[in-house]
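A short reminder: the numbers here are calculations on the coordinates, not readings from a lab. Predicted, not measured: the structure shown is a model, and the values here were computed from it. As a convention, Cβ positions derive from the backbone with ideal geometry for all residues, glycine included, and neighbour counts pool all protein chains shown.
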Amino acid sequence: MSEQLPAPGFDAQSYERPNQGWICGHAGEGKPCRLGPDHRGRCCATAECTPVLEIKPGETKGRWRCTRSGGVCESGPRPDGSCCRPIARCSPVPTLRTRRGQLTRAVVAATVALLLIGLGGSWRGTFINSGALSTPHSSAAFALLHSGTNQANQTCTACHPAGARGPSDLVATAWAATPGPFQLGQLARARPGEPTALDASCQKCHPNHRLHQPSVVRDLSCSFCHAEHRGTGPMAAPTDAHCTICHGDAGVMAAAAIKGASLPPASESALAAGSMPSSALKRTETATDSRTATGFTQVIHSFAQDHPEFRVHTDKLVDPDTLKFNHARHLTSETIPQLPGGRKLDCNSCHQPDVAGSYFRRINFERHCQVCHSLQFDPETPALTLPHGNPALVSAFLHSLPRQYADLAARSGITRTAEQNQFAQEKLQRWQTRVATGETFEQRVFFSTATTGPSVQVGSVIGATHPPYPGCAYCHEVQAGAQGQPEITKPILLDRWLVHGAFNHAKHSGVACLKCHSAATSQATADVILPTKDSCVTCHSPRGGVVDSCATCHGYHRKDTK
Amino acid sequence: MNRFRRQFFLGSFLLLVASVLAIMIHCRWSRQLPHYAYLTGWVLLVAMFLLALYNARKRLPFLPLGHSETWAQLHIYAGFFTVVLFLIHLNFRLPTGWFEGTLAWLYALVTGSGIAGLLLSRVLPRRLATRGGEVIYEKIPALRHALRETAEALALGGETPSPTIAEFYVRQLSGFLAGPRNFWPHLLDSRRPLNALLSELEDLRRFLNESEQATLDKLTQVVRQKDGLDYHHALQTTLKLWLFVHLPLTYSLMICSVLHVVLVFAFAGGAR
């Protein structure tokens, strides 16, 4: 196939080397001059020779002699000494290498120019921003807060002192950074979470930020957990890696335990105060809201792996409530009647979610109990019921029973006073056939737990009449006071048990209550029917497939700080 | 196993080992070292500077810095390794900012053009060798000029030029011989333009006498030589042109990388 190409016609003397910057403009015609262009691309062609002036002895002017290498030309040099055969000049052509160099220089210049424009213009912040800011740090309120430090309507300076500096100052700032660009040893040896210069910027808006437990051995940098410039919306939640950097380190936990042991109790209670909603604080008095002797210093790597069992179970806590309540009976007993509308009594009948749906509203007698436990005491007069909530009121009610019957008559439509009094007398006479004395009846109201009567059923919403009221002591702890007066222990209804972890019941609405809470078998009020950790791990684990990060339940910051 | 294959397998093996090691180090230390991104950034930057040194090595052939071929091999495999380093530095995420996005795009273009150049330098020389002949790229214009003069002498010169051949030369061949032609068909290894021209030349034969047919044969030979020259021009130009992307963008990338280092240290203040 080589015969399809012309002979190369290699000429060692006129060989154009690939690293030459320029080639003779006549090379394309196969007639390049021997000298060729110079390194700047200028044609060096002058004439075929450089005449030499020869002055013989006795001559004053001398003669110009032709020095052409191919032989002396016919015309010879001109009188002024120039050659009479000038070589045709050409326009040297740049080689590909030269063109590439020109393009490279142009691209470099364009790059530097664009970078200077980007760094110096009003869009500097947008240009060098490594990613969108989170919503709080990109809001108009944030910009307004830092309007004094703004540069070109950008808030970089609010966090980065370098934001207001020019290109040369940027280099100086980078050089002065800690660790600096070339302090590779420090860069490699740095411990995770060490405070940085940026933390001072965070503290400007978040002063006195109390980070975590008072027993932490060292404070962590804000940016260790809160990575900014990662997109709009709230800042990303810390990952388990951020928590286990301390909680997964036995040495750190041991040091924290030692430090925690030396802390005054005040700081512990402050700690507990920061760990739960204020609404729960007032009412939560169990041991779960206080630190253990060693603090929360058990080494934990993951929830499923080595998170300790909930303390309500390990400490075998009991519900301190004095109210007598049997979950199992209310959920499974055959004698429990249906609610109005034919609904069956279930968990949701009493445990109704709060506005957020995370937790439940407190159980309330009027809202949740009275529909069945109506406190009616006269089977013949079901409309008349005892008041609830105050023993003194109950006692006063009983002492004014004639008046109560008369008022009932008035409410029933009997308008004349004489007829109201007659109605009350008739009721009292029939009532007195059932009770010995008023005192006996009052004692029975407060202290009796008997369920005997027309019906053994304690509560009902069906039938013509409500069953009789068995007595306060049926549900409450009732004791006789010094004067023999009844004293009812106020029930202690705890809003939350696991106060160090958040929980959202709404997110668990797809799971049956009884799947986690053993209410169907709990007969005593003292039972704490919270699920065990293993119950949670069933779903919240890598095997269960549901998120099991620390931040799912726990927060890092103390709530009493900004 | 020849030397090239031995080099290929050894280089690929070392690249694989280095990449696996780098990823293992990433998995082990990326969460342990708070300034991990800084460290990987420095490693990547140094690697990129070493890659860029290959160009400097080519400019200093007189220095005893090892064979250029060895440098080329190192450049190729180290270039592939920087892809792993680049992904590790980015923590296998896409950059989001304008500047960092530009930096990433520049890196992708430099790497992409480098890979394209590698493939071209593996494929095109083989095709040139298959086609045959050796032509110095810088000599092509002169050779083309000589062919044109030869063709003109055949078609228009002589004592009794053939009007048929002269007319065909002016109409078809003068343009074909004036400069490089059929760049893309040659690059795609298509002979359709040549065959079309040869077919037209063959069609001309029936209108020619014996001496004119002899001239036509010579013209046909010139056309084939010109086509071979164009083939070499197209492929050799392509072999050189990819550097027009690779080199300028490399310098641009290096400048942006240095600025990236300055911005990171000036703005991050030691934060991750």
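The table for this structure:
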{"item": "Taking only Cα atoms of the stretch B:191-251, radius of gyration then Dmax in Å", "result": "18.5, 63"}
{"item": "Centroid-to-centroid separation of the stretch A:76-111 and the stretch B:205-225 [C-alpha atoms, Å]", "result": "41 Å"}
{"item": "Debye intensity ratio in log₁₀ form over the Cα atoms of the stretch B:1-111, taken at each q of 0.10, 0.12, 0.13, 0.16 Å⁻¹", "result": "-0.36, -0.51, -0.60, -0.85"}
{"item": "√(5λ) per eigenvalue of the Cα gyration tensor, the protein assembly as shown, largest first, Å", "result": "101, 33, 24"}
{"item": "Share of pairwise Cα separations in the stretch A:472-559, more than 17 Å, in percent", "result": "65 percent"}
{"item": "Whichever lysines have a C-alpha closer than 24 Å to that of residue A:324, once near sequence neighbours (fewer than 8 apart) are set aside", "result": "A:282, A:316, A:344, A:490, A:515"}
{"item": "Distance in nm between pseudo-label sites at residue A:106 and residue A:204 (7 Å out along the Cβ direction from Cα)", "result": "4.5 nm"}
{"item": "Relative contact order (percent, whole number), chain B, Cα cutoff 8 Å, 6+ residue spacing", "result": "26 percent"}
{"item": "The stretch B:138-238: relative contact order in percent, alpha carbon pairs under 8 Å with at least 6 residues between", "result": "40 percent"}
{"item": "Reach of residue A:204 by Cα under 27 Å, taken over lysines that are not fewer than 8 positions away in the same chain", "result": "A:559, A:562"}
{"item": "Backbone HN-Hα couplings from phi across the stretch B:246-257 [Karplus 6.51/-1.76/1.60, Hz, Gly and Pro as x]", "result": "5, 6, x, 5, 4, 5, 4, 4, 5, 5, 5, 5"}
{"item": "Residues listed by number, the stretch A:293-323, amide nitrogen under 15 Å from residue A:263 label point at 7 Å toward C-beta", "result": "A:293-298"}
{"item": "Nonlocal amide H pairs with residue A:65, under 5 Å, H built at 1.01 Å", "result": "A:52, A:53, A:54"}
{"item": "Residue B:199 paired with residue A:326, simple spin-label distance in nm, labels 7 Å along Cα-to-beta-carbon", "result": "10.4 nm"}
{"item": "Within the protein assembly as shown, helix-based [θ] at 222 nm, where runs of 4 or more DSSP H residues each add -39,500 (n - 2.57), nearest 500", "result": "-14500 deg cm²/dmol"}
{"item": "Stokes-Einstein D (µm²/s) once Rh is taken as the Kirkwood radius of the stretch B:138-238 over alpha-carbon pairs, at 4 °C in 1.567 mPa s", "result": "93 µm²/s"}
{"item": "Angle in degrees between helix A:167-176 and the longest Cα principal axis of chain A, rounded to the nearest 10", "result": "60 degrees"}
{"item": "Rounded to the nearest 20 debye, dipole of the stretch B:181-272 from Cβ charges on Lys, Arg, Asp, Glu", "result": "480 debye"}
{"item": "Relative contact order [Cα under 8 Å, 6+ residues apart], chain A, whole percent", "result": "13 percent"}
{"item": "Three principal axis lengths of the stretch A:325-458 [C-alpha, angstrom, descending]", "result": "55, 31, 30"}
{"item": "For the stretch A:125-234, the Rg and Dmax computed from alpha carbons only, in angstrom", "result": "15.4, 44"}
{"item": "Net lengthening on full extension, residue B:55/residue B:122 (0.36 nm per residue, minus Cα-Cα)", "result": "22.2 nm"}
{"item": "Cut-off of 10 Å, at most 13 other beta carbons, DSSP loop: longest stretch of chain A lacking such GluC sites (Glu not before Pro)", "result": "A:75-284"}
